[in-house]
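J.: The structure's right below; bear with me while I get my questions together.
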Amino acid sequence: MKNDDIHNNSDTYLAKWLDGELTDQQLQDLVSVDDYAAYLKIRKGLSINEQLNAPIDATFKNIQNRISKKQTKVKPLYTSWYLGVAASIVLIFGIFTFLPSDIIVETGYGESKTVALLDGSEVILNAKSKLSYDEGNWDKERKLSLEGEAYFKVAKGKTFSVETEHGTVSVLGTQFNVIADEVYFSVVCYEGKVAVTTSETENILLPGDGIKNNNNAFDLTKTTDKMPSWIFGESTFRSVPLRQVIKALEDQYQIGFDTEGIDDSEIFTGSFPHDSLNIALKTVFETLNITYNEKEKRNIKLRYKE
């Protein structure tokens, strides 16, 4: 393919993406990593310019008008308007040095989100989770912070670390799952290799290996699963404290529990679905001989059967 054709295709993809006709993931699949990183900066520049209401608004409005025209042939963006907005882009990049570039992604109750990173890696956030990283400093300091649960699919040959309040997970082209909330920490490697470093220990995990803290002690685990089940709408637990299962129920269904009548440190093995609260409660609590009152969704009382 000729270079002109490659540039024209890239410009077409960028125009459609800025106009909302392509998602972030679709654009990533169509262009190079370097082009995608550059396009993110252009989009951020457009957004910042709108917020500042700078005098160059008219120039950017012309850009948006050209993009929105339904034409069979999209004019090359670099050649058509690059020179016209060069000064604007320079101004925007100057603004970048004074504005924070932290990216923060959060999920609500029962919600999951997929995040595309600059290097082509992908993060899927589970319910009530938070992911943050410095996009502007990504090339120099490749770190992400996680609160909650996330599944990471790291692009081949790419490296970064996931920091939690319990420890750090260092990765190189791999797939793994992390849970890091107030009291619980778990890492499972599904592909490649990850290093898990805490204040007490350091472990290298290979496919099928896992590590979790259980009653303030770290245990090594094994799994034959290829991916975490929550990706497919079901939370699965193997020998974890019941309090962790209860928290997962709260995050998925936006409910609350009164646990004063039970021992929430009891160990649970099993699963529950994300699409039926009634079935979820039965599969968790009836196996443990625990009664519950589903009518009070925000304060379900848990008691042992007599």
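Please treat every number below as a calculation from the coordinates, not as lab data. Note that this is a predicted model, so its numbers are computed, not measured. A quick note on method: Cβ atoms are made from the backbone with ideal geometry, for glycine too, and the neighbour counts reach across all protein chains shown.
J.: Given H placed on each backbone N at 1.01 Å, which residues far from Thr174 in sequence or on other chains put an amide H within less than 5 Å of it?
T.: Residues meeting the criterion, in which the H sits 1.01 Å from N, are Val154.
J.: Lys and Arg at +1, Asp and Glu at -1: add these up for the other residues within a Cβ distance under 15 Å of Thr23 and post the number.
T.: Its environment carries a net charge of -2.
J.: For region 102-222, just the Cα atoms, rotate onto the principal axes and tell me the three extents in Å, largest first.
T.: Sorted largest first, the three principal extents are 36, 34, 23 Å.
J.: How about region 252-306: which trypsin sites (Lys or Arg not before Pro) there lie in a loop by DSSP and see at most 12 other Cβ atoms within 10 Å?
T.: Lys295, Lys297, Arg298, Lys305
J.: Residue by residue through region 133-150, what is 3J(HN,Hα) from phi via Karplus (6.51 cos²θ - 1.76 cosθ + 1.60, θ = phi - 60°)? Round to whole Hz and write x for glycine and proline.
T.: Karplus-based 3J(HN,Hα) across region 133-150 equals 6, 8, 5, x, 10, 4, 5, 8, 9, 8, 10, 10, 10, 10, 10, x, 10, 8 Hz.
J.: Considering amide H positions built from the backbone, and no H for Pro or chain starts, which residues 5 or more places from Ile300, or on another chain, come under 5 Å of its amide H?
T.: Residues meeting the criterion, in which the H sits 1.01 Å from N, are Gly256, Phe257, Asp258.
J.: Another question about this same structure. If r is the Cβ-Cβ distance from Asp24 to Ser161 and R0 is 22 Å, what FRET efficiency results, to the nearest 0.05?
T.: Efficiency at R0 = 22 Å is approximately 0.45.
J.: Running Debye on region 233-304 with equal point scatterers at the Cα sites and no solvent, what base-10 log of I(q)/I(0) appears at q = 0.21, 0.25, 0.27 Å⁻¹?
T.: -0.85, -1.29, -1.55
J.: Tell me, what ³J(HN,Hα) does each residue in region 231-242 have, in order and in whole Hz, if you take phi through Karplus 6.51 cos²θ - 1.76 cosθ + 1.60 with θ = phi - 60° and put x for Gly and Pro?
T.: Using θ = phi - 60°, the values come out as 4, 9, x, 8, 8, 10, 10, 10, 6, 10, x, 4 Hz.
J.: Would you grab the residues whose amide H sits under 5 Å from the one on Ser121? Only those 5+ places off in sequence or on another chain, please, with H modelled 1.01 Å from N.
T.: Under 5 Å from the amide H of Ser121 lie the amide H atoms of Ala155, each far enough along the sequence or on another chain.
J.: Of the cross-linked pairs Lys128/Lys158; Lys222/Lys282; Lys16/Lys247; Lys226/Lys297; Lys143/Lys282; Lys153/Lys297, which ones have a Cα-Cα span greater than 32 Å in the structure shown?
T.: The pairs that break the limit, which is 32 Å between Cα atoms, are Lys16/Lys247; Lys226/Lys297; Lys143/Lys282; Lys153/Lys297.
J.: Now, a different point. When the label point is put 7 Å from the Cα of Tyr109 along its Cα-to-beta-carbon vector, which residues of region 240-284 have a backbone N closer than 11 Å?
T.: Only 250-257 pass the distance filter.
J.: Say each of Asn299 and Glu202 gets a label point 7 Å from the Cα, pointing the same way as Cα to Cβ; how far apart are those two points in nm?
T.: 4.9 nm
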